[in-house]
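A.B. asks: Pasting a structure here, questions to come.
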Amino acid sequence: MQVTGTTRVLGIIGSPIAHSLSPLMQNAALAELGLDFVYVPFAVAPDQLDLAVSGLRTLGVTGFNVTIPHKETILPLLDEITPQAMRMGAVNTVQRVGDRLVGHNTDGAGLLAALAADLDFTVAGKRVLILGAGGAARAAVMALLDAGAAAVTIANRDLARGEALMGMAVKQGGAGIMVAPLAILASAELGGYDLLLNATSVGMNGTTFVDFCPELLNDTACVYDMVYAPLETPLLRSARQAGRRTANGLGMLAAQGERAFVLWTGCQPPPGVMRTVLLTRLAG
Ligand code: NAP
């Protein structure tokens with residue numbers, strides 16, 4: 001890849017940003033296709049978001065990803081938000097269209113694609129227990145409901161936050177939504193779900209849900225963890241050891257990135273390239 005006077009700029013804004021794997025996977029796909037783009041990380045503090053978005057607009061960047069803590073606060077700074085991103089209340093991808101900045105959310109579609117690819121799991125008609133009520137959980141709840149999940153239960157440490165997410169989803173027409181305490185992980189009710197989905201940050205640095213009893217899961221249930229570092233979280237390890245199908249969040253990370261890539265370049269990224277570079281980095 002050689003940066004020239006015609007090279008177009010893509011990037012990611014967040015704080016912190018040094019840990020982001022998006023530059024690695026996006027640049028790998030751009031290089032593989034020989035596209036004249038470069039993808040760079042931009043550290044943007046919360047009180048500098050307004051200035052940063054104006055700067056990116058002025059500099060004419062083709063598009064950028066948005067990560068913690070800007071996914072929600074960026075909405076009023078954009079010219080247009082897709083209905084899906086509006087429902088999720090969060091933007092993870094911005095695309096320049098002419099002079100306008102359009103906000104998308106590719107996290108939900110990325111999750112559904114990863115569930116299908118990694119677990120052969122189709123959401124329609126299924127019962128899902130989701131752990132968490134933050135931004136990732138919200139995108140997941142909306143995507144699961146849009147994809148026809150029969151029931152979605154939100155279990156969060158802070159129950160009031162879980163109830164608030166349920167209220168938001170119900171307001172947007174979602175049905176079959178409930179909340180539960182995290183203690184559900186040690187209760188017979190766990191057997192009533194087809195998918196257990198972790199959308200909390202538990203699992204990073206080896207942290208775990210101490211009360212999780214994987215034997216209580218239905219024999220055919222799957223477990224998906226949005227966390228991808230470590231590649232096998234304690235939640236996934238115990239579920240796998242109990243004989244359940246499991247997958248980590250690496251597939252979702254790659255799939256949401258692939259969708260952003262298409263929006264910016266108009267090209268399909270080479271299949272598997274993003275996933276492979278992520279896996280190589282994380283396994284190493
Ligand atoms: P967030 O908005 O900060 O929400 C964090 C969630 O984790 C909250 O539900 C919080 O519960 C819960 N939590 C944190 N520590 C906990 C603990 N010790 N015990 C129980 N619950 C705990 O973060 P987010 O944006 O939703 O992201 C959540 C995770 O998803 C992160 O690990 C992120 O890396 C991952 N993620 C992965 C992808 C992917 O592509 N694979 C995409 C998006 C996010 P309380 O409400 O009780 O505090």
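A.B. asks: Please say if the stretch 13-113 is rounded, prolate or oblate, where rounded means a/c under 1.5 for a ≥ b ≥ c the square roots of the C-alpha gyration tensor eigenvalues, and otherwise the choice is prolate for a/b larger than b/c and oblate otherwise?
C.D. replies: rounded
A.B. asks: Can you compute the modelled spin-label distance between residue 7 and residue 218, with each label point 7 Å from Cα toward Cβ, in nm?
C.D. replies: Simple spin-label model gives 5.1 nm for this pair.
A.B. asks: If you don't mind, another one. For the stretch 228-284, with the dipole built from +1 on Lys and Arg beta-carbon atoms and -1 on Asp and Glu ones, taken about the Cα centre, which of 280, 265, 233 lies farthest toward the positive end?
C.D. replies: Checked the options; the winner is 233.
A.B. asks: Still on this structure, please answer the following. Can you give the FRET efficiency for residue 19 and residue 120, using 1/(1 + (r/R0)^6), R0 = 35 Å, r = Cβ-Cβ distance, to the nearest 0.05?
C.D. replies: 0.70
A.B. asks: Suppose a student asked you for the relative contact order of the stretch 1-57, using Cα pairs under 8 Å spaced at least 6 residues apart; what percent would you report? Walk me through the numbers on the way to the answer.
C.D. replies: Values: 64 pairs, mean separation 25.5, N = 57.
Relative contact order here is 45 percent.
A.B. asks: For Cα pairs less than 8 Å apart in space and 6+ apart in sequence, what is the mean separation divided by the residue count of the stretch 77-183, i.e. the relative contact order in percent?
C.D. replies: The value is 21 percent.
A.B. asks: What's the magnitude of the charge dipole for the chain around its Cα centre, counting Lys and Arg as +1 and Asp and Glu as -1 at the beta-carbon? Answer in Debye, nearest 20. Show your work: numbers first, answer last.
C.D. replies: Values: 19 positive and 22 negative charges, 24 e Å.
Here the size comes out at about 120 debye.
A.B. asks: For residue 31 paired with residue 170, estimate the spin-label separation in nm (one decimal), with each label point 7 Å from Cα along the Cα-to-Cβ line.
C.D. replies: So the label points at residue 31 and residue 170 sit 5.1 nm apart.
Every number here is computed from the coordinates shown, using simple stated rules; none is lab data. All of these numbers come straight from a predicted model, not from anything done at the bench. Note that each Cβ is placed from the backbone with ideal geometry, even for glycine, and that neighbours are counted across all protein chains shown.
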